[in-house]
C-alpha cells in the first residue's frame, strides 16, 4: 500500500470542520500542530508590533494514495481556500515508506478495493 502526506494550513476556527471532512472522505486520522504562522502575497498587518493575522493550524494526514486527491479537494472546499484569499493552503507529497500504520492498512484495504 502506498501513502501520500497531505499538509493543510487552515484557520484555527476551521480545523475541526476540515478534520471531519477529511475523515468522511477516507482519512484515518491526523496530527494537528497549533499556532503555525505564515505569510502570503500580502504582508501581514501589525498594531504596535502585534500581528493582526488569524491563527493557523497545520494538519498532517497520512492517507492512501488512491484516496488522496478526493481528500485534498474536500479539504479545499471546506476550508474555502479558493473562495477567499488567505484562508489556507493544502498540498500533498509522496511518502516513500511508513511504519506504525498496520491498523490503518487493515481498515483501508477494503475501502481501496472498492475505489479500484
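Of everything in the range 4-22, what is in contact with a strand residue (DSSP E or B) (Cβ under 9 Å, 6 or more places away or on another chain) and free of Cβ contacts under 8 Å to residues at least 60 places away in the same chain? Give them in sequence order.
12, 15, 19, 22
Which residues, counting only those in the range 72-104, are assigned to a helix (DSSP H, G or I) and surrounded by 17 or more Cβ atoms within 10 Å (Cβ to Cβ)?
Those that are assigned to a helix (DSSP H, G or I) and surrounded by 17 or more Cβ atoms within 10 Å (Cβ to Cβ): 72, 74, 75, 76, 78, 79, 104.
Just to verify a result, which residue in the range 48-60, among those that are more than 10 Å from the chain's Cα centre (by Cα) and at negative phi, is modelled with the lowest pLDDT?
The qualifying residue modelled with the lowest pLDDT is 52.
Please go through (1) under 15 Å from residue 23 (Cα atoms); (2) modelled with pLDDT under 95; (3) surrounded by 15 or more Cβ atoms within 10 Å (Cβ to Cβ) for residue 107 and return the number of the only condition it doesn't satisfy.
That leaves (3) as the condition not met.
Could you tell me which residue of the range 61-71 is farthest from the chain's Cα centre (by Cα), considering only residues that are assigned to a helix (DSSP H, G or I) and buried (at least 19 other Cβ atoms within 10 Å of the Cβ)?
67
Looking at the range 26-43, can you tell me whether even one residue there is at pLDDT 75 or above, exposed (fewer than 12 other Cβ atoms within 10 Å of the Cβ), in a strand (DSSP E or B) and at positive phi?
Yes, there is a match, as at least one residue in the range 26-43 is at pLDDT 75 or above, exposed (fewer than 12 other Cβ atoms within 10 Å of the Cβ), in a strand (DSSP E or B) and at positive phi.
Would you confirm whether any residue within the range 82-95 is at pLDDT 95 or above, over 16 Å from residue 16 (Cβ atoms) and within 10 Å of the chain's Cα centre (by Cα)?
Yes, because at least one residue in the range 82-95 is at pLDDT 95 or above, over 16 Å from residue 16 (Cβ atoms) and within 10 Å of the chain's Cα centre (by Cα).
The values are calculated or read from the model by the stated rules, or taken from the named source; none is laboratory data. Just so it is clear, the structure is predicted and the values come from calculations on it, not from any experiment. Virtual Cβ from ideal backbone geometry, glycine too; neighbours counted across all protein chains shown.
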